[in-house]
Amino acid sequence: MKKSSSIFGLIFIFIGGFLLYAYFTDVNIFSMSTMWPMFVLGLGLIFEMSFFMNKKAPGLLVPGGILTTLGLLFFFESFTSWRFSQYTWPIYIFSVAIGLLQMYLFSVRSKGLFIAISILFLIGGTSLTLTVLSGITSFINLGLILPIALIAVGIYFLFLRDTQQTE
């Protein structure tokens, strides 16, 4: 099979999948309200390609990594009607870390740059973890769990005392 026919086949499958998604979800995929992240993603990919075509100016990777990451995030957010934005905000911090990490990997590996990248990933990871945990705890009623847990521990101690007296 020719390579070009495989590529065309994948393109048609991809477009057909999008159209099926639009049909079943009643969302106009090709409207400006859902396609605007393509401009952010495209600009990020242009920065990325600019570096990888001539391997000069690794500083291009910083805006490339940031804009590519944010473009993907904005696509996700626009297709989910921004329902998860209260949980995905740490991705903004990760996007800067990803841009700097690319520059670190493809240029002179500076210790100071690595420390900055590590701090950003630590802040982003901690923020994401706390955000997800707060979402879970808001879903679970802790006001109900604590009394039930105390009652369960009390019952355990009562049965523990009863089993010790019978021995």
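None of the figures in this text is laboratory data; all of them are computed from the coordinates on show. Given the structure is predicted, the values throughout are model-derived calculations rather than measurements. For neighbour counting, all protein chains shown are included, and Cβ atoms are generated from backbone atoms with ideal geometry for every residue, glycine included.
If you compute Rg/Rh (Cα atoms, Kirkwood Rh) for the structure shown, which of [x] 1.23; [y] 0.93; [z] 1.05 do you land on? Label of the calculated value: [x]. Report the residue, chosen from L43, L20, L72, that carries the largest GNM mean-square fluctuation when the chain is represented by alpha-carbon nodes joined by springs under 10 Å. Fluctuation is largest for L20. In a simple Cβ point-charge model (Lys, Arg +1; Asp, Glu -1; nothing else charged), the chain has a dipole of about 780 debye relative to its Cα centre. Between Y23, Y92, Y156, the Gaussian network model of the chain with springs among Cα atoms under 10 angstrom shows the greatest mean-square fluctuation at Y156.
If you build a Gaussian network model of the chain, linking Cα atoms that sit under 10 Å apart, which residue out of T25, T68, T88 swings the most? Result: T25 has the largest fluctuation of those listed.
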